[in-house]
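Report on the structure given below.
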Amino acid sequence: MRIIQCLHDGAARAALVEDEATVRLTEADTYTLARRAIAAGRPLAEIVEAALTETRLDYQALIDERRLLPPLTHDDPAHCLVTGTGLTHLGS
């Protein structure tokens with residue numbers, strides 16, 4: 001399962017990548033979906049499947065229109081920090 005986050009109608013929404021050309025919107029953003037999964041004690045994949053809508057968008061149009069968002073956002077950016085090491089090799 002590959003999930004992205006994008007702007008749709010002025011709000012952040014998670015979307016399931018169905019293939020290289022199409023994404024299917026969910027009813028919420030990734031932060032909300034993750035919190036639902038934690039609260040329910042269920043896998044994120046189950047929560048995403050339950051939140052899918054019938055709305056499908058063109059993936060390339062989202063890119064061209066610069067509507068892709070970071071994978072996780074929060075209403076107050078001071079409460080959300082997404083980091084990584086940047087390492088791409090083994091043995092570090």
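For the chain, report the accessible area per residue in Å² (1.4 Å probe, heavy atoms, rounded to an integer).
69 Å²
Please give the length that would be gained between Leu7 and Arg56 if that part of the chain were fully extended, namely 0.36 nm times their separation in residues minus their C-alpha to C-alpha distance (nm, one decimal).
Once the chain is fully extended between Leu7 and Arg56, it gains 16.3 nm.
In the chain, what percent of the accessible surface is made up of carbon and sulfur (1.4 Å probe, ligands and nucleic acids excluded)?
Numbers: 3340 of 6310 Å².
On the chain, the fraction of accessible area on carbon and sulfur atoms equals 53 percent.
How would you classify the chain from its alpha-carbon gyration tensor, with a ≥ b ≥ c the square roots of the eigenvalues: rounded for a/c under 1.5, else prolate if a/b is greater than b/c, otherwise oblate?
Values: a/c = 1.44, a/b = 1.18, b/c = 1.22.
Here the chain falls in the rounded category.
The values are calculated or read from the model by the stated rules, or taken from the named source; none is laboratory data. Computed from a prediction, not measured in an experiment: that's the story for all the values here. Ligands, DNA and RNA are stripped out before the accessible areas are found, and what is left, the full protein with its side chains, is counted by its heavy atoms. Shrake-Rupley method; radii C 1.70, N 1.55, O 1.52, S 1.80 Å.
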